[in-house]
Amino acid sequence: MERGKIESIFEAYFEKYKKTEGDRSAWSAFWTETTPQGVLELNMTKCSKGTTFKVFVDKKKYAETKGWDGYFKTMSGLMTEHPGLYDEDKLFTDMEFVI
């Protein structure tokens with residue numbers, strides 16, 4: 001799936017499912033994907049400092065990165081380290097479906 005489409009889907013998902021982080025200065029949305037290779041959790045947080053992504057593999061923090069460039073770099077590394085865990089076509093098709 002192309003990068004622009006992924007960004008568009010994740011942003012729309014965020015807008016629909018975001019929850020405040022207490023004082024309404026930060027908002028987050030989570031996505032969990034369960035596969036035979038493990039559990040992948042994605043967290044997008046937006047605040048005055050920008051957009052941050054947290055990535056968890058089997059409930060352990062794998063990475064935290066800022067912005068979309070960081071997200072795509074992180075996920076490229078994740079695909080190498082955990083083959084089959086992150087199928088962006090399936091994940092973002094599913095995410096788009098629930099929007």
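The numbers here are math on the coordinates, done by the rules we state, and not lab data. Everything numeric here is computed off the predicted structure, so don't read it as measured data. Note: ideal-geometry Cβ built from the backbone for every residue, glycine included; neighbour counts use all protein chains shown.
In a DSSP loop and with at most 12 other Cβ atoms within 10 Å, the trypsin sites (Lys or Arg not before Pro) in the chain are Arg24, Lys49, Lys59. Please compute, over every Cα-Cα pair in the chain, the percentage with a separation greater than 19 angstrom. Looking at the chain, the distances longer than 19 Å represent 39 percent of pairs. Sparse packing (at most 13 other Cβ atoms within 10 Å of the Cβ) combined with a DSSP loop state is found for the following GluC sites (Glu not before Pro) in segment 1-39: Glu2, Glu21.
Note on the chain: dipole from Cβ charges, positive end direction compared against His82, Val39, Thr51; the farthest Cα belongs to Thr51.
What the pair-distance distribution of segment 2-43 shows, using all Cα-Cα distances binned every 10 Å from zero, is 25, 43, 28, 4 percent.
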